[in-house]
Structure formats: structure tokens, C-alpha cells
1. Going by a ≥ b ≥ c, the root eigenvalues of the Cα gyration tensor, does the range 26-83 fall in the rounded group (a/c under 1.5), the prolate group (a/b larger than b/c) or the oblate group?
2. Could you work out how far apart the two model spin labels at Gln168 and Lys152 are, taking each label as a point 7 Å from the Cα in the direction of the beta carbon, and quote it in nm?
3. Note down the net charge around Glu109, summing +1 for each Lys or Arg and -1 for each Asp or Glu among other residues with Cβ under 11 Å from its Cβ.
4. On alpha carbon coordinates alone, what is the Rg over Rh value for the range 20-170, Rh being the Kirkwood radius?
5. Share of the range 42-98's accessible area from carbon and sulfur, percent, 1.4 Å?
6. Fully extended, how many nm does the chain gain between Ala123 and Ile106 (0.36 nm per residue separation, minus their Cα-Cα distance)?
7. Which of the listed residues, Ser176, Gly138, Phe154, is farthest toward the dipole's positive end in the range 120-181, when Lys, Arg count +1 and Asp, Glu count -1 at the beta-carbon?
8. Below 15 angstrom from the Cβ of Val139, what's the summed charge of the other residues (Lys, Arg +1; Asp, Glu -1)?
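The values are calculated or read from the model by the stated rules, or taken from the named source; none is laboratory data. Remember, it's a predicted structure, so these values are computed and weren't measured experimentally. As a convention, Cβ positions derive from the backbone with ideal geometry for all residues, glycine included, and neighbour counts pool all protein chains shown. Heads up: the accessible areas ignore ligands, DNA and RNA and are worked out on the full protein's heavy atoms, side chains in. Shrake-Rupley method; radii C 1.70, N 1.55, O 1.52, S 1.80 Å.
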Amino acid sequence: MRTSHLKPLLISLLAGLSLAACSPQFNWRDYSSPDAPFRVMFPDKPATHAREVDLDGMKVKMTMTAAQVDGTMFAVGSGEAPDPDKAEAALAAMKTALVRNIGATIKSEKSGKSSAAAGSATARASAIDIDAAGVQKGVPMRLVGHFESRNKRFYQVIVMGKAKEMSQEQVDMFMSSFKLQ
């Protein structure tokens, strides 16, 4: 599996966010992506970074928008595949890469497919939801992820941080606010 290009994207985004993160308080704000049809509530002003990544042999431009508060990262990644089958395959590649980054074990996973979404009889959708636990630099970490494809577009919505410091209320707020338009 060739997902090594996803890690530098996350690392550079985290570095930028750590420089920008000044307030330890959650300051929720509505965000609409200018280049992908989604909306989400971020707990602080997000930063955006785009880069070409390799998802199991599929090279694609992926845009990552994220905010970090008290060491917890809230992020939405999006990209467009050449076709719906490849967009669906990207979900597993993104999930695997993120789980491996923290040496995690998936504690729970749910997946589903639909031939219609958002009121469209022709839309094709697939989703995977995970909750994973791992260790990064000796620190117990938690990753909550939602990976979704709709036709040729794919998304990763994640919250990742130190397991003991992640507020379930904040995780739920972020994850439930993600909406495709």
C-alpha cells in the first residue's frame, strides 16, 4: 500500500496549525469549503493545505482543512477520483494510512453503501466510520474517523489527539456537523 504521501501532508498541516493555535478554548465556527461541496463546524479558525497524494496507486490532489485545539486535531480532507469505484477505494486507503500513523487498533468500525444520496436517484455513496486507539511517541492516542465517497468525490473527517484529553462532546460536535451539500 502506497500511502506515504498522506503522512507529510498531515505533518505539514499540523506544524502550521501548532504555530497558529493560540487559544485553548473552543470557538466553533461554520466553514464551507470553496473547492468541495461540504460544510462543517470547526472549533477554531482552520488552515487549508493542498497536496498530491498517492492512495494505493491513485495519485490525486487532496485538500486538507484543519484546526487544532489543546493538542486535538479536527480535520476534513477531500479529493476527487477519476470514477466512483476509485473514490470508494480511496476510503480504505485513507483509513489504513491514518490508523497506521498512530500504530492503532480499530476498536469499532461501521460501513455502508447507498445507491442514492442527498435526494439524488443517481448518486452513489459509501461510508466507513471508525474509532481507533494507538500510541504516538509513547502517548496513547485516539482517532475518530468518518470516510465517505459520493460519486467521484471522497472525504475524510477526523478527530485525532491524546486519548485522555479528547472530549467526546467536542468529537460529537465536529463529526455531526459535517454535511455534504
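1. Because a/c hits 1.5 or more and a/b exceeds b/c, the range 26-83 counts as prolate.
2. Here the modelled spin labels are 4.1 nm apart.
3. +1
4. 0.96
5. Answer for the range 42-98 is 45 percent, counting heavy atoms of protein chains only.
6. Net length gain for the segment: 3.2 nm.
7. Toward the positive end, the furthest listed residue is Phe154.
8. Local net charge: +2.
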